[in-house]
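Structure first, commentary second.
The values are calculated or read from the model by the stated rules, or taken from the named source; none is laboratory data. The model shown is predicted, which means the values in this text are computed figures rather than measured ones. Positions of Cβ are backbone-derived with ideal geometry, glycine not excepted, and every protein chain shown enters the neighbour counts.
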Amino acid sequence: MAGDEGSESAAVRYGCVGCLTIVAGTFSGAMIGVLIAKTVGSIRNCEPPEGLPACDWHVYAGVGMLIGAITLPVMAIRRLRKGEREARKSE
């Protein structure tokens, strides 16, 4: 019975970490994507329309959002699991 409680709490912990890092990864990925769009636009000598940060910013932001929403949760959960494995080994 005690093993069931531990696996349930680990699942909840991973779920919470995953949900929070998906949001953070989405926004941070989008910001990095827009920065890349500004750099690419500058190299291409593209003049963005008034009020927009860069030419084709939405494409770069969308790709950045997807990359961030996948990579940040994966890295965070892998690190969390590694720390738990190391803690069990030291016991």
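Is one or more of the residues making up segment 3-19 within 27 Å of ARG85 (Cβ to Cβ), part of a helix (DSSP H, G or I), in contact with a Pro (Cβ under 6 Å, 6 or more places away or on another chain) and not hydroxyl-bearing (Ser, Thr, Tyr)? Quick ask: steps written out before the conclusion?
Start the filter on segment 3-19 by keeping residues that are within 27 Å of ARG85 (Cβ to Cβ), which leaves 3-19.
If we keep only those that are part of a helix (DSSP H, G or I) too, we end up with 3-19.
Subsequent filtering for residues that are in contact with a Pro (Cβ under 6 Å, 6 or more places away or on another chain) retains 18.
Now narrow it down to the ones that are not hydroxyl-bearing (Ser, Thr, Tyr): 18.
Yes, segment 3-19 contains a residue that is within 27 Å of ARG85 (Cβ to Cβ), part of a helix (DSSP H, G or I), in contact with a Pro (Cβ under 6 Å, 6 or more places away or on another chain) and not hydroxyl-bearing (Ser, Thr, Tyr).
So ALA54 passes all but one of these: (1) assigned to a helix (DSSP H, G or I); (2) of a type in the set (Gly, Ala, Ser); (3) surrounded by 10 or more Cβ atoms within 10 Å (Cβ to Cβ); (4) at pLDDT below 95. Which condition number does it fail?
Status for ALA54: all satisfied but (1).
Right, GLY18: modelled with pLDDT under 95 and surrounded by 15 or more Cβ atoms within 10 Å (Cβ to Cβ) or not? Lay out the reasoning, then the answer.
Working: modelled with pLDDT under 95: yes; surrounded by 15 or more Cβ atoms within 10 Å (Cβ to Cβ): yes.
Criteria met by GLY18.
Which one of ILE77, ILE36 is touching a residue at least 60 places away in the same chain (Cβ under 8 Å) and either among the aliphatic types (A, V, I, L, M) or in contact with an Asp or Glu (Cβ under 9 Å, 6 or more places away or on another chain) (or both)?
Working: ILE36 fails: touching a residue at least 60 places away in the same chain (Cβ under 8 Å).
Unique residue meeting the criteria: ILE77.
Every residue in segment 57-86 that is surrounded by 12 or more Cβ atoms within 10 Å (Cβ to Cβ) and among the acidic types (Asp, Glu), please.
Correct list: GLU84 only.
Which condition number does ALA30 fail, the rest of (1) at pLDDT below 95; (2) among the aliphatic types (A, V, I, L, M); (3) under 30 Å from ARG81 (Cα atoms) being met?
(1)
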